[in-house]
1. Working only within the range 1-58, note down all residues that are within 32 Å of the chain's Cα centre (by Cα), more than 30 Å from residue 217 (Cβ to Cβ) and in contact (Cβ under 8 Å) with a residue 60 or more places away in the chain.
2. Answer yes or no as to whether residue 82 is assigned to a helix (DSSP H, G or I) and in contact (Cβ under 8 Å) with a residue 40 or more places away in the chain.
3. State all residues of the range 184-217 that are surrounded by 15 or more Cβ atoms within 10 Å (Cβ to Cβ), within 27 Å of residue 100 (Cα to Cα) and at pLDDT 75 or above; if no residue qualifies, say none.
4. Tell me yes or no: at least one residue of the range 58-68 is surrounded by 15 or more Cβ atoms within 10 Å (Cβ to Cβ), closer than 29 Å to residue 132 by Cβ and modelled with pLDDT of 95 or more.
5. Could you figure out which of (1) surrounded by 15 or more Cβ atoms within 10 Å (Cβ to Cβ); (2) more than 27 Å from residue 176 (Cα to Cα) isn't true of residue 76?
6. Can you tell me which residue within the range 117-150, out of those that are touching a residue at least 40 places away in the same chain (Cβ under 8 Å) and outside any helix (DSSP H, G or I), is surrounded by the fewest Cβ atoms within 10 Å (Cβ to Cβ)?
């Protein structure tokens, strides 16, 4: 900081104080949104768990039906649903999820369904084949949108346009930990339910196959909405952590600049006293 005037140092201190106020405000906003997002994650789980339990019961008690959602075919074309954020300033939240999907689709015949502005912008820049840009703003995607998207995916999967559907999202482990994750949506795999004990005396009026095929789109819609809630909570947690770190860095810089300002001011005072004494002695 040699050669820098006290005025310049003071201006830098004011600038850092303004930055600290902005990052602190953004941290508080992110914390508020995080609380709401966590509540949505918890409220979305019971519905999903009921559908999951029903599918597991049907799959474990009926081995003789063949649903198109269970058919495993050679992967010719895959669809990747990618959930990212709408804004930056969230640490590595967006970059981590986009790195994951980039490594997954490398060298594959794949189409993407981006959810969130960052995902849409990324795939447009890389010239990827985009299924639809109707979910460009993740913050505006509703429960109904998730179920509509699930029905669209199911229709196209049954028609053979895709042989595999993967979901890329960020799992909200805790406020301090958010994990980029991948989940296969289609085909539905029932191998994990082989040892499950089914409920006794369950009678499906229109038959287990009809019930299964009717529930799968609802099940996938619940998965999409749950993943969206997890991703939104992860984004807000990452932004809160990033803004907290930025605030602490700004405070450290203010402390450092204040120390240098005081030293520079003391040096100027000492210099002025020396000049006065020297002038008095010469006279």
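1. 16, 17, 19, 20, 23, 24, 26, 27, 30, 31, 34, listed by residue number.
2. No; evaluated as a whole, the condition is false for this residue.
3. If the condition is that a residue be surrounded by 15 or more Cβ atoms within 10 Å (Cβ to Cβ), within 27 Å of residue 100 (Cα to Cα) and at pLDDT 75 or above, then 185, 186, 187, 188, 216, 217 are the ones that fit.
4. For the range 58-68, residues surrounded by 15 or more Cβ atoms within 10 Å (Cβ to Cβ), closer than 29 Å to residue 132 by Cβ and modelled with pLDDT of 95 or more: absent.
5. Single failed check for residue 76: (1).
6. 137
The values are calculated or read from the model by the stated rules, or taken from the named source; none is laboratory data. All of these numbers come straight from a predicted model, not from anything done at the bench. Every residue, glycine among them, receives a Cβ derived from its backbone with ideal geometry; neighbour counts consider all protein chains shown.
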